[in-house]
1. With contacts defined as alpha carbon pairs under 8 Å and 6 or more residues apart, what's the relative contact order of the chain in percent?
2. Return the subset of Lys35/Lys83; Lys36/Lys215; Lys3/Lys77 for which the Cα-Cα distance in this structure is over 31 Å, preserving the input order.
3. In whole angstrom, note down how far apart the Cα centers of segment 89-126 and segment 16-52 are.
4. With a length cut of 24 Å (Cα positions projected on each helix's long axis) and a Kyte-Doolittle mean of at least 0.0, go through the chain and give me the DSSP H helices that pass.
5. Order of 220-227, 130-137, 248-255 by packing, highest average Cβ count within 10 Å first?
6. Classify segment 33-177 from the C-alpha gyration tensor, please: rounded if a/c falls under 1.5, else prolate or oblate depending on whether a/b exceeds b/c.
Amino acid sequence: MIKHLLSADDLDRDTAIGILDIAERMAATAGREIKKLPTLRGRTVVNLFYEDSTRTRISFEAAAKRLSADVITFSAKGSSVSKGESLKDTALTLQAMGADAVAIRHPAAGAPHRLAGWISGSVLNAGDGTHEHPTQALLDAYTMRSRLGHVEGLRVAIVGDVLHSRVARSNLSLLTTLGAEVILVGPPTLLPVGFEKALPPGASISYDLDAVLPKCDVVMMLRVQRERMIDSYFPSEREYSRRYGLDRRRMALLPEHAIVMHPGPMNRGIEISSQVADSARSTVVEQVANGVSVRMAVLYLLLGGNA
Ligand code: NCD
């Protein structure tokens, strides 16, 4: 039993597969006319968002509501945080309100870990700086399994701004735990220095997207994260897109069964063209739908349910 989900490293193979299995059962309820389950009735789930978010925030909210929890959504904008209140004081407020679980997104790596030391409820990392985003990795693994039947043995290319991507870091960890092979692809400036020495077994690095695509089952495109860039990491958007963008010509290099993923929000025309994003191979919309089922499964498990 795990109490918090702070990092994809918290998940061993069996726990991760257990979550995907529960998520599958949760997804079956989404097709019903009445989507709500009574599972978390009387429990309080807080969404604590210090960074902008559309998908993840709405998804956690929908997941908690479908399990009948009381949901409080707190955005840093318009709260006492803008008056300088510290994370610790906010944590004490949440504790006083009796939060059973807190999903937190924060610009600082490690903020969810600190929060877990201050409150008695479960903490779910909904993205901390450039560090981790474990529920995104789970929903991505879920999407691969539902489209391709399994995760083990898949070859997955994660492409683009790996340096700033918590999605890449969490996926690298979870996918290798689940027995997939991961190839990180991007310009050398957008791959962390010394990363090749710290890679888990089953992972590698490439700078050549065209060479990697023909052998992939999954290609996961990452957003170029301008808001986290303090320097210039590539000559121009046009040049980036020419080398590392996925357009129709490049998509044709993929094997026929391969799928194209993106966590959103997309920079259409930079890392992915609209034709690719809206094509039948793209799972972008499915990933969002699967996110709700996966977060329901995680909430259920952390708040005491059995697999
Ligand atoms: C990602 C995030 O916020 O880390 N988006 C998401 O959660 N769906 C990726 C990104 O911002 O590019």
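Just so you know, all these numbers are worked out from the coordinates, no wet-lab data involved. Keep in mind the model is a prediction, meaning the values are calculated, not measured. Here Cβ is always computed from backbone atoms with ideal geometry, including for glycine, and neighbour counts include all displayed protein chains.
1. Result for the chain is 21 percent.
2. Lys35/Lys83; Lys36/Lys215
3. For segment 89-126 versus segment 16-52, the Cα centre distance is 19 Å.
4. 13-30, 284-302
5. Averaged packing, sorted descending, gives the order 130-137, 220-227, 248-255.
6. On the way: a/c = 2.23, a/b = 1.35, b/c = 1.65.
Cα axes put segment 33-177 in the oblate bin.
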